[in-house]
Amino acid sequence: MEFSLLKQRIDQGERIKGDIWTNVDREARQGDREAQFILGYRWYRQHGPAYKKAVDWLRKAATAGHLEAVQLVAEIDEGLNLSRRLLQEHAEAGESSAQLEMATLLATNSDGLGQDLEQSRRWYFLAAEQNEQTAQYNLGLMLLRGEGGPVHTPEGIGWLEKAASGTNPEVSVETAGVLADLYEAGASGLPSDPERASFWRNKAEQG
């Protein structure tokens, strides 16, 4: 397959048949660095430098010595580092939405710059204290699982209960369901408690 022609077609915005991408994907997974580059380049042009598929494939190609991939990854990393620094500045200034985004970024490593569960847990805590419901939910789970620090079951349950009682119905329903499952199974160090399980199950069903 002529990857340079495929790259030109991507640059021209041409629609490329799915069976071509199936072949490219197969070759990329077999370790062909040209295929890895063109896959990453495709996602980069379609979704931008923060798109995880783009970053992952370009890094694979760069690691294999693809020079254009090396150059592109360097440019992407420079931009992503700046983006992460700016986000951290807003988080440190006390913006709860930035704290939540920073926590999620560090937990998922969606920009490919490194995962840090300890710092993720810290940012979730700061956002949770400012009533960010999603942060309360994620912090509760991290405390129950011991992610980013020691297990703290009572504190974890406390944050989940706050999230389940919040104003965002989508988060409330999901969290109530988690609490019902935990109390029903007696999981995460909790004793089985059918009464509490029933309470949270009803809350989840009522929305």
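The values are calculated or read from the model by the stated rules, or taken from the named source; none is laboratory data. Not measured: the values here are computed from a predicted model. A quick note on method: Cβ atoms are made from the backbone with ideal geometry, for glycine too, and the neighbour counts reach across all protein chains shown.
Scan segment 34-58 and report the pairs whose first residue is in the same structural domain as L113 (by TED's automatic domain parsing) and part of a helix (DSSP H, G or I) and whose second residue is surrounded by fewer than 23 Cβ atoms within 10 Å (Cβ to Cβ) and at pLDDT below 90, with Cβ atoms within less than 8 Å and a gap of 6+ or a chain change.
No pair meets every condition.
Quick check on this structure: which one of L80, L72 is at pLDDT below 90 and in a helix (DSSP H, G or I)?
L80
Specify which of the listed residues (L67, L117) is within 30 Å of A176 (Cα to Cα) and either of a type in the set (A, V, I, L, M, F, W, C) or surrounded by fewer than 21 Cβ atoms within 10 Å (Cβ to Cβ) (or both).
Selected residue: L117, the only one of L67, L117 that is within 30 Å of A176 (Cα to Cα) and either of a type in the set (A, V, I, L, M, F, W, C) or surrounded by fewer than 21 Cβ atoms within 10 Å (Cβ to Cβ) (or both).
Give the residues of segment 59-68 that are farther than 19 Å from L5 by Cα and part of a loop (DSSP other than H, G, I, E, B), sorted by residue number.
A64, G65
Of all residues in segment 154-200, which are part of a loop (DSSP other than H, G, I, E, B) and free of Cβ contacts under 8 Å to residues at least 12 places away in the same chain?
S165, G186, A187, P191, S192, D193
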